[in-house]
Amino acid sequence: MKLHQALRSVDKFRTVFDFGGRDVAHWFPGHMAKGLKQMRSNLKKVDCIIEIHDARIPFSGRNHVFQETLDVRPHLLVLNKMDLADLSSKQTILKMLEKKGVKNVLFTDSLKQRDDSIKKLAPMVVEIIENKPRFNRDENTDYCLMVIGVPNVGKSSLINSLRRTNLKKGRASRVGGEPGITKAVLTKIQVCERPIMHLLDTPGVLPPKIESVETGMKLALCGTILDHLVGEDIIADYLLYSLNRLGKFSYVERYDLQEPSDDIQYVLKRISVKLGKTQRVKAITGVGNVTVTVPNYTAAAYDFIRAFRKGELGLVMLD
């Protein structure tokens, strides 16, 4: 089928996603409340707050509790994973953030071995701190920063990247591909020599109440919530809906589809066939049980979601 004929059917795709009355209240694990309490207790040692968030969702899912309880200190918003985001509207994003009172913003890719944006962070922090009162830390010549953010946005990766860039040392903070790796506020980690600069790594903390199911789904799609709490099938369906809405159809070629589709079951079936992700199950028939091979939809959904998170389905901006 020719491309213009295939894209004609896109006009009939969903314009609104059906969340099926889902409740996101159970997406706030108990250790997160403990982590926020520890952050507050360590605040008197801190000169500047570094909030890290996913560049693909610069507005959605930022924890308002951070701003209410921790924003008494100078604040820098780091939008990480910029290598996965469509930054064609970067200036618009910066203007919208400024309207919300966020003036200090830095885009980073903390997994990159040499990232020029990481080099800008320490000088930027020093300038921010010097323009604000240091409360009871005026006599200190070193700087203490606290890194905060929702889960799995790259806090630990940023710390390790800063150490690699400024100190030529290896990683000091554990990094994982799923949310919840950092469970408690850690001891100080040095990330710069001139000036002496330490960071406090903290656990990812989601808002106690996510503002909407769609915000929750964006957080889930970006990996800030454990997949099984939401369901791989619904995350994959929301991903398909989002890609179609944004006109990102690279999944068609990747999975050998004939054209874009709005049917997640069809897409997952094609993925399972292409990748050989099948499973054998027993089927009850009138003459006894038989074993049949069927598509493994969960494995296919996971591959689809993982491809998005690794940037293999193109650059996107979900907000």
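Mind telling me which of the residues 215, 224 ends up being in contact with a Gly (Cβ under 8 Å, 6 or more places away or on another chain) and assigned to a helix (DSSP H, G or I)? Show your work before the answer.
Details: 224 fails: assigned to a helix (DSSP H, G or I).
After ruling out the rest, the residue left standing is 215.
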Quiz item: Can you name the residue in region 247-271 that is open to solvent by less than 60 Å² (accessible area, probe 1.4 Å) and touching a strand residue (DSSP E or B) at 6+ places or on another chain (Cβ under 9 Å) and is also nearest to residue 86 (Cα to Cα) among such residues?
Solution: 248
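Filter region 9-24 down to residues that are aliphatic (A, V, I, L, M) and either over 19 Å from the mean Cα position of the chain (by Cα) or at pLDDT 80 or above (or both) and give me whichever is surrounded by the most Cβ atoms within 10 Å (Cβ to Cβ).
Step one: of region 9-24, the residues aliphatic (A, V, I, L, M) are 10, 16, 24.
Filter again for either over 19 Å from the mean Cα position of the chain (by Cα) or at pLDDT 80 or above (or both), leaving 10, 16.
Values: 10: 15, 16: 8.
My answer is 10.
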Quiz item: Of all strands (runs of 3 or more DSSP E) completely enclosed by region 46-107, which ones contain at least 3 residues that are within 19 Å of the chain's Cα centre (by Cα), buried (at least 19 other Cβ atoms within 10 Å of the Cβ) and in contact (Cβ under 8 Å) with a residue 60 or more places away in the chain?
Solution: 48-54
Practice problem: Starting from region 191-211, take each residue that is more than 26 Å from residue 65 (Cβ to Cβ) and list its partners that are among the basic types (Lys, Arg), counting only C-beta distances under 9 angstrom and pairs at least six apart or across chains. | Solution: 192/163
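The values are calculated or read from the model by the stated rules, or taken from the named source; none is laboratory data. For clarity, every value in this text was computed on a predicted model and none was experimentally measured. Neighbour counts are summed over all protein chains in view; Cβ atoms, including those assigned to glycine, are modelled from backbone coordinates with ideal geometry. Surface areas here come from the heavy atoms of the whole protein model, side chains and all, with no ligands, DNA or RNA. Shrake-Rupley method; radii C 1.70, N 1.55, O 1.52, S 1.80 Å.
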